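Below is one structure, written out as structure tokens, with a few remarks after it.
The values are calculated or read from the model by the stated rules, or taken from the named source; none is laboratory data. Being a predicted model, the structure only gives us computed values, none of them experimental. Every residue, glycine among them, receives a Cβ derived from its backbone with ideal geometry; neighbour counts consider all protein chains shown. The protein model used for the area step is the full one, side chains on, heavy atoms only, and it has no ligands, DNA or RNA in it. Shrake-Rupley method; radii C 1.70, N 1.55, O 1.52, S 1.80 Å.
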Protein chains: 2
Amino acid sequence: MKALGPIPAGYSAIDGELAIGGRLASALADEAGDTPLFVYSRDLIAQRIADLRAVMPERLNIHYAMKANPYGPLLEFIADLVDGLDIASIGEFEMAREAGYLPREISFAGPGKRDEELQAAIRAGVTLNLESEGEAERALDTAKMLGVTPRLAIRVNPTFELRGSGMKMGGGAKPFGLDADRVPALARKLVDAGVNWRGFHIYSGSQALDAEAIIESQGHVLDLAAQLGAEAGVEVPHLNMGGGFGIPYFDKDTPLDIAAVGAALKDRFDNLPDILSETEFAIELGRYLVGEAGVYLTRIVDRKVSHGTTYLVTDGGLHHQLAASGNFGTVVRRNYPVAIATRFDAPPEEEVNVVGCLCTPLDRLADQAHLPRAEVGDLVAVFCAGAYGASASPSAFLGQGPACEMLV
Amino acid sequence: MKALGPIPAGYSAIDGELAIGGRLASALADEAGDTPLFVYSRDLIAQRIADLRAVMPERLNIHYAMKANPYGPLLEFIADLVDGLDIASIGEFEMAREAGYLPREISFAGPGKRDEELQAAIRAGVTLNLESEGEAERALDTAKMLGVTPRLAIRVNPTFELRGSGMKMGGGAKPFGLDADRVPALARKLVDAGVNWRGFHIYSGSQALDAEAIIESQGHVLDLAAQLGAEAGVEVPHLNMGGGFGIPYFDKDTPLDIAAVGAALKDRFDNLPDILSETEFAIELGRYLVGEAGVYLTRIVDRKVSHGTTYLVTDGGLHHQLAASGNFGTVVRRNYPVAIATRFDAPPEEEVNVVGCLCTPLDRLADQAHLPRAEVGDLVAVFCAGAYGASASPSAFLGQGPACEMLV
């Protein structure tokens, strides 16, 4: 038997079934008209952001990193709850505009921005987080050509990393941002060029569950921003402190202690060096805001036994849930939180492998999982599906196509 | 420095540039109007199939497993070169019909076939490779409801595996097919029920480069099919012997010796047991037919140095090339064959990391690669991109969207 990840708070059984936003899983599948299906909960997103605001310094802006989940209705919903939006391509910019975001609320980071992306962003007034001297040159040229004052910040490749993070974005050679020691010269140059100078973007890692590691990293970010501003002799109007707040996916993962992070940050904000006294601070969070608010529902289409192992074969799979299948950024596959949605309060009574419908052994949703007995027609729920699910999976694989998505 | 995989045969430089189907990479990118771009070569596909036919027994049918590459024009082109098509979903069936395939040329395998998929396949006259007793029941019920005689085969979960294969599809508990010991009873039942009995589908693994392993596996497949037919007391009108023919992706990989495989198979076909004397044999190949005929072209948008490491940042990435990035079915990432397409005959002179444009450290196309010096605007070629590329990657990730595709 292999343990399942912890089911996030906020989900309960109604009439024996998993309820999401007060509605039964089976009713949601009926309403969608088909399975598989991603369901995102407004209440859980709003609650998550409210909980965060309650413990973070008021001065800290919260940005949504839409790469986590670009579903249109979700993007519209979260617009009223956050202070800004972080995008990673012009495709995301177009989705953001459709969802009603204003360009000045948006900042754009990404190591491979094409000329047409720079043009569109500068023309609209989006803040660019510059990733290299070369990109800075292209941005300045583009702005000149357009006759526009560009909103420019520098993304810094910090010398430190976020300890224990799922993905390290600092602490060595990286394709992201400028090495810290080259930042002052470029900052000076941009300010001298008369751009709308927006300060720094310092992102050191993602998916960390250890508050101490995040506190340490945020401390380093503040120190580095102050140091870079001083060395360059420029103000720091804005500081994007990155994200890194993780969610528990796997057995023994425990939720991040955001109260501890918030308290430490308040303390830092109360003792800022002069150069940061007027700075506007932001963190950018994707997964942390929406990941646990989403559930992937997939229907069991076959139940079979092979050499003593029971398989629940579903109509979903890695084409919608690449990360849950263990094929995206993980070396050792572990089980996400998974349940039988239509028997949510039944006791576990058998060990099964939950697999997808794809004709490949990579298509696994839960290995050796201890679950209630389930039959063909039952719905399986994969939790933590609100981030890096639908949009981060190869939906066209084997001719399957995308899943339904709903915001409830 | 890390070695690159071997560039497949059939690619050469014209005027210093990579040529595909006799045309320059830069001209192909111009014609497509945008990068990134998948280019598939008609000539290389046709040559591959001709080479295969030259060494395989004439009696052996060659099927195309379209999961490898469902691009419409390629699907149409290959139709005249192969004897049948293997699909894994009704989505693939629809693409196959658009490309002009007849239902009787098509067989459908996949562990999670939904009721509507069974209906569509049975109604059209597609051969179903049944994956379980439960699926057989559903297929029989569906056929009865439709008043149609279904074309049914049984997919067997063999007791052996394909040694050295990239993905093992046999030799233990599997979600695919019926365990061999349960096959005779179901075969008998299907024949007694008056279905159009199509025999067996036995698939033991994929992506093998060792001819001896394939010869051994094909021998086991023939033995098992004969044994199952005899035990069930049924004829074996058709035997899908699976695939498993691999292509070299990585340094030190060597091409499969198909002459050896063909000779061994001829020998087996000359000495078949009576029960297989009238059998129609097929192998189903996807990657082997089209994988090396495809190239992914992506343009360098930035060239930067971080802590002494040079990065070539491209406008492509894992959203089109998930497997090449090392995030799909591989534990240790190794470099695919990669070249600077626009400096194809230039000598290597520096060590670089080629990365994609996505804002994630997972987005790598070549690590520590020894390549000619390249600048912004140059095109990078990733080879072995004809299979499990465009359709097996998360193209919507970070708002990027799909790549262009061309058949030349």
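For peptide A:348-359, what's the mean number of Cβ atoms from other chains within 10 Å of each residue's Cβ? Numbers along the way, then the final one.
Working: counts 0, 0, 0, 0, 0, 3, 1, 5, 3, 9, 7, 18.
Across A:348-359, the average partner-chain Cβ count within 10 Å equals 4.
Averaged across the residues of B:127-139, what count of C-beta atoms belonging to other chains lies within 10 Å of each residue's C-beta? Numbers along the way, then the final one.
Values: counts 0, 0, 1, 0, 5, 7, 3, 6, 4, 0, 0, 3, 0.
Mean partner shielding for this stretch: 2.
Considering amide H positions built from the backbone, and no H for Pro or chain starts, which residues 5 or more places from A:Ile20, or on another chain, come under 5 Å of its amide H?
A:Ala25
Taking the Cα centre of the protein assembly as shown as the origin, how large is its charge dipole in debye, to the nearest 20, when only Lys and Arg (+1) and Asp and Glu (-1) carry charge on their Cβ atoms?
On the way: 70 positive and 110 negative charges, 49 e Å.
Around 240 debye, computed over the protein assembly as shown.
Near the amide H of B:Ile87, under 5 Å away, which other amide H atoms are found, from residues 5 or more places off or on another chain, if H is placed in the peptide plane?
Counting only residues 5 or more places away or on other chains, the set is B:Ser107, B:Phe108, B:Ala109.
Cα convex hull of region A:277-368: how many Å³ per residue?
Enclosed volume per residue, from the Cα hull, is 150 Å³.
If the label for A:Ala13 sits 7 angstrom from Cα along the Cα-to-Cβ line, what are its distances to the same label in every other copy, in nm to one decimal, shortest first?
Copy-to-copy label distances at A:Ala13, shortest first: 6.9 nm.
List the residues, sorted by chain then number, that are 5 or more residues from A:Phe160 or on another chain and whose placed amide H is less than 5 Å from its amide H.
Under 5 Å from the amide H of A:Phe160: A:Gly171.
Can you send over the solvent-accessible area of B:Asp367, 1.4 Å probe, protein chains only, in Å² to the nearest 10?
For B:Asp367, solvent-accessible area is about 10 Å².
When only the heavy atoms of the protein chains count and the probe is 1.4 Å, how do A:Glu137, B:Glu94 rank by accessible area, highest first?
Details: A:Glu137 75, B:Glu94 110 Å².
From most accessible down to least: B:Glu94, A:Glu137.
Measuring from label point to label point, each 7 Å out along Cα→Cβ, what is the B:Arg123 to B:Glu216 span in nm?
Reported label-point gap for B:Arg123 and B:Glu216 is 4.7 nm.
Starting from a Cα-only point model with no solvent, please compute log10 I(q)/I(0) by Debye for region B:277-316 at q = 0.18, 0.31, 0.33 1/Å.
After summing over all Cα pairs, the log10 values are -0.72, -1.00, -1.04.
On the rotation axis linking copies A and B, which residue of A comes nearest by its Cβ, and by how many whole Å?
It is A:Pro394, 2, counting Cβ atoms only.
Relative to the other copies, what are the label-point distances for B:Asp345, with labels 7 Å from Cα along the C-beta vector, expressed in nm at one decimal and sorted shortest first?
7.6
Please report Rg (one decimal) and Dmax (integer) in Å for the Cα set of region B:216-300.
Rg and Dmax of region B:216-300, Cα atoms, are 17.1, 62 Å.
Once you charge only the Cβ atoms, +1 for Lys and Arg and -1 for Asp and Glu, what is the size of the charge dipole of region B:70-285 about its Cα centre, to the nearest 20 debye? Each step should come with its number before you reach the end.
On the way: 19 positive and 35 negative charges, 101 e Å.
In total the dipole reaches around 480 debye.
Which percent, nearest 5, of DSSP beta bridges in the protein assembly as shown are antiparallel?
Here the antiparallel bridges make up roughly 45 percent for the protein assembly as shown.
How many percent of Cα pairs in the protein assembly as shown exceed 52 Å?
Working: 53261 of 332520 pairs.
Counting pairs separated by more than 52 Å, the tail of P(r) holds 16 percent.
Run the numbers for B:Leu146 and B:Ala185: contour at 0.36 nm per residue of separation, minus the present Cα-Cα distance, in nm. Mind showing how you got there, number by number?
Working: separation 39, 0.36 × 39 = 14.04 nm, distance 2.48 nm.
Stretched fully, the B:Leu146-B:Ala185 segment lengthens by 11.6 nm.
Excluding B:Gly262 itself, calculate the net charge of residues whose Cβ lies under 13 Å from the Cβ of B:Gly262, where each Lys or Arg counts +1 and each Asp or Glu counts -1.
Details: positive: B:Arg53, B:Arg59, B:Lys266, B:Arg268; negative: B:Asp51, B:Glu58, B:Asp257, B:Asp267, B:Asp270.
Cβ neighbours under 13 Å give a net charge of -1.
If you add up the charges near B:Gly10, with Lys and Arg at +1 and Asp and Glu at -1, over every other residue whose beta carbon is less than 10 angstrom from its beta carbon, what do you get?
Working: positive: B:Arg48; negative: B:Asp43, B:Glu292.
Within the 10 Å Cβ shell, the charges total -1.
Normalise the Debye intensity by I(0) for chain A, one equal point scatterer per Cα, no solvent, then take log10 at q = 0.08, 0.09, 0.12 Å⁻¹ and round to two decimals.
The Cα Debye sum returns log10 ratios of -0.45, -0.57, -0.94.
Distances over 21 Å make up what percent of all Cα-Cα pairs in region B:70-285? Mind showing how you got there, number by number?
Numbers: 12712 of 23220 pairs.
Roughly 55 percent, rounded to a whole number.
Just give me a number: lysine pairs in chain B, eight or more positions apart or cross-chain, with C-alpha atoms less than 24 Å apart.
12
Antiparallel DSSP bridges in region B:70-285: what percent, to the nearest 5?
Details: 2 of 24 bridges.
About 10 percent, rounded to the nearest 5.
Distance in nm between label sites at A:Glu94 and A:Arg42, each 7 Å beyond Cα in the beta-carbon direction?
2.8 nm
Can you pull the Kirkwood radius for region B:196-341, inverse mean 1/r over Cα pairs, to one decimal in Å?
Details: mean 1/r = 0.0544 Å⁻¹.
Final number for the Kirkwood radius of region B:196-341 is 18.4 Å.
With only alpha-carbon pairs counted, each pair once and no self-pairs, how large is the Kirkwood hydrodynamic radius of region B:49-182 in angstroms?
Final number for the Kirkwood radius of region B:49-182 is 16.0 Å.
From the label point of A:Arg97, set 7 Å from Cα along Cα→Cβ, how far away are the matching label points in the other copies, in nm, ordered shortest to longest?
List, nearest first: 3.9 nm.
So how far, in whole Å, is the C-alpha centre of region A:228-294 from the one of region B:44-73?
55 Å
Run the dipole for region A:28-94 about the Cα centre, Lys and Arg Cβ at +1, Asp and Glu Cβ at -1, nothing else charged, and hand back the magnitude in debye, nearest 20.
On the way: 5 positive and 12 negative charges, 67 e Å.
That gives region A:28-94 a dipole magnitude of about 320 debye.
At most 12 other Cβ atoms within 10 Å and a DSSP loop assignment: could you name the trypsin sites (Lys or Arg not before Pro) in region A:181-256 that fit?
Working: sites: A:Arg182, A:Arg188, A:Lys189, A:Arg198, A:Lys252; in loops: A:Lys252.
Filter output for region A:181-256: A:Lys252.
Give me the percent of accessible area attributable to carbon and sulfur for chain A, probe 1.4 angstrom. Don't jump to the answer; show the numbers that get you there.
Numbers: 6650 of 13950 Å².
Ligands and nucleic acids excluded, carbon and sulfur reach 48 percent.
With every protein chain kept in the model, how would you rank A:Lys67, B:Lys144, A:Lys2 by accessible area, 1.4 Å probe, largest at the top?
On the way: A:Lys67 35, B:Lys144 170, A:Lys2 90 Å².
Ranking A:Lys67, B:Lys144, A:Lys2 by accessible area, largest first, yields B:Lys144, A:Lys2, A:Lys67.
What is the average number of partner chain Cβ atoms found within 10 Å of a Cβ in B:85-91?
Details: counts 0, 1, 3, 8, 9, 3, 6.
Across B:85-91, the average partner-chain Cβ count within 10 Å equals 4.
Suppose the Debye formula is applied to equal point scatterers at every Cα of region B:71-123; what is log10 I(q)/I(0) at q = 0.16, 0.17, 0.25, 0.28 Å⁻¹?
Summing over Cα pairs of region B:71-123 leads to -0.43, -0.49, -0.96, -1.15.
Using only the Cα atoms of region B:326-408, what are the Rg and Dmax in Å?
That works out to 13.6, 36 Å for Rg and Dmax.
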